[in-house]
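Read-outs: derived from the displayed coordinates by stated rules, not from any lab. Predicted model, so just to flag it, every value in this text is computed and none were measured. Glycine also receives a Cβ, built like all others from the backbone with ideal geometry; neighbour counts cover every protein chain displayed.
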Amino acid sequence: MEHRLVTHIEKALGWDGPGSVGAAFARGRLTDPELPARLLTPHKLLDLIKRRHLANPQLRCYSQGNEVHPSSFLSTNVNRRRQAVSQADMAALGRILNGGGTVVLDHVDSFEPTLEVACRALGWWSGELTSANAYLAVGETDGFHLHWDDHEVIAVQVSGEKSWEVRGPSRLAPMYRDAERNSTPSEEVLWKGTMRAGDVMHIPRGFWHTATRLGSSNEGHSLHVTFGFTRRTGVTWANFLSDAARADEAFRQNLESAAGAAAHKLLADKLSVLAAGCSPERYLDELRSSTPPARHTPHVAAFGRPDGVAAVTEFAPSIVRSGETVQVCGGGKRLTFHERAEPGLRTLLSGHPVYLDAASEDITTLADLLITEGLCEPLTEISSSGYTGLVTPVTYSKQPSNSA
């Protein structure tokens, strides 16, 4: 999938592909002045919050550097069916913001199609699960205390401005669950300055950072979106081996009842064989092909055929030709097709929105099947908007210039 945001992030940070994610702190500026507002605006964020059932900690607020108790900005309403529904008290949010506060909405990509598609494109690009959080601050606002994240972050300033301080790590490759605490900030300041609309930076896992609007205009604001990448580590691979070991009865036996050193050596040898057969590369490949889509619109034949479709897998599907067949692996599915289906598969699973105005019967039938299997979903007016101007569409009424 070729996405405008991914292309401009690479240019801004001087990257050639995703290999630099997590390698070093980087900062730059998007060369497309319209892109930040295309992602999100302050009013759009508040409108999303207004229309959703939300709870803490997905929706959080801060004032003077301290977290505000959820009861101050969340209300529980009882509908006519006597169901309790948690919603944001928008008047309270307004008071918090106008008083120099901050509103944070985690996983905003689950509500907004533009950020949903952007996260999918970044996931296909990086090979890692990606999500987006939004941070809106008004006036002179204390930021979060100096801290580090257990995942890689790309931050995009989409509106207003905010001051940052980024430091190096004090423990290499720290984890949320770790062998040691990591509570002493590094003294190495890598960058201290102001992010303005269009600025972008990459903060690797474990790098200390803080952001604030103190010293800025009381009438100003800041809105930035962070894209978080959940990286796989040697520990997650070891956990995978632990789960795989359950298939062998020898690993399920009690260690105390095993016949001494010989049995223990057998376990060690079996573990070595298991690790060799399930290498980190194979683990990553299987993980990406077996991860189901977070969600998708189902196929309902009674609604008629859709006007268009788009792939919804968390990672780019694998399409491999083998003799007279084509194997597709992705979204937790392994499907086999006749070789004639290969051009259509590569188009429909490209990550680009595909419109079926004048598609052949074979293509529409293939699209129906991919929707049924959960690898694609029908495009609606709302979901299509997430691609508009960011991902080039394919329209069968104008024969696609590249069927691959």
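For this structure, a couple of remarks:
- Highest average packing first - 278-285, 369-376, Cβ atoms within 10 Å: 369-376, 278-285
- Theoretical ellipticity at 222 nm over the chain - DSSP helices of four or more residues, -39500 (n - 2.57) apiece, nearest 500: -8000 deg cm²/dmol
- Relative contact order of segment 4-230, defined on C-alpha pairs under 8 angstrom at six or more residues apart (%): 26 percent
- With θ taken as phi - 60° and the Karplus curve 6.51 cos²θ - 1.76 cosθ + 1.60 applied, the whole-hertz 3J(HN,Hα) list for segment 215-226 is x, 8, 5, 5, 9, x, 8, 9, 9, 10, 10, 10 Hz, x standing for glycine and proline.
- Of the DSSP H helices in the chain, those that are both long (alpha-carbon extent of 20 Å or more along the helix axis) and hydrophobic (Kyte-Doolittle mean at least 0.0) are 260-277.
- Kirkwood Rh, Cα atoms: Rg over Rh of segment 1-122: 1.06
- For His221, distant residues with modelled amide H under 5 Å away: Gly139, Glu161
- Ranking Gly123, Thr297, Pro393 by Cα position along the charge dipole of the chain, where only Lys, Arg, Asp and Glu carry charges on their C-beta atoms, puts Thr297 farthest toward the positive end.
- Positive contributions from Lys and Arg (+1) and negative ones from Asp and Glu (-1), summed over other residues with Cβ under 11 Å from the Cβ of Cys329, come out at +1.
- Karplus-derived 3J(HN,Hα), 6.51/-1.76/1.60, for each residue of segment 178-192, Hz, glycine and proline x: 10, 7, 9, 6, 10, 10, 9, x, 5, 8, 7, 8, 7, 7, 9
- Cα-based shape type of segment 105-153, given that a ≥ b ≥ c are square roots of the gyration tensor eigenvalues and the cut on a/c is 1.5: oblate
- Rounded to whole Hz, the Karplus (6.51, -1.76, 1.60) HN-Hα couplings of segment 56-61, x for glycine and proline: 7, x, 4, 10, 10, 9
- Look at the alpha carbon pairs under 8 Å that are at least 6 residues apart: their mean separation over the length of the chain gives a relative contact order of 16 percent.
- Alpha-carbon Debye profile of segment 147-286, log10 I(q)/I(0) at 0.18, 0.19, 0.21 Å⁻¹: -1.03, -1.09, -1.20
- Here the gap between Glu10 and Cys278, fully extended at 0.36 nm per residue and compared with their Cα-Cα distance, gives a gain of 93.2 nm.
- Projected onto planes of every orientation and averaged, the convex hull of the alpha-carbon atoms in segment 234-279 covers 3.2 nm².
- Of every Cα-Cα pair in segment 301-395, the percent that sits beyond 24 Å: 16 percent
- Sorted on the mean count of surrounding Cβ atoms within 10 Å across their residues, most packed first, peptides 336-346, 303-313, 21-31 read 303-313, 21-31, 336-346.
- Debye equation applied to the C-alpha atoms of the chain, log10 I(q)/I(0) at 0.13, 0.14 Å⁻¹: -1.20, -1.29
- Computed packing ranks the peptides 378-386, 127-135 as 127-135, 378-386, most packed first, by mean other Cβ atoms within 10 Å.
- Bins of 5 Å, starting at 0 and running to the largest distance - Cα pair percent for segment 4-230: 1, 7, 14, 18, 19, 18, 12, 7, 3, 1, 0, 0
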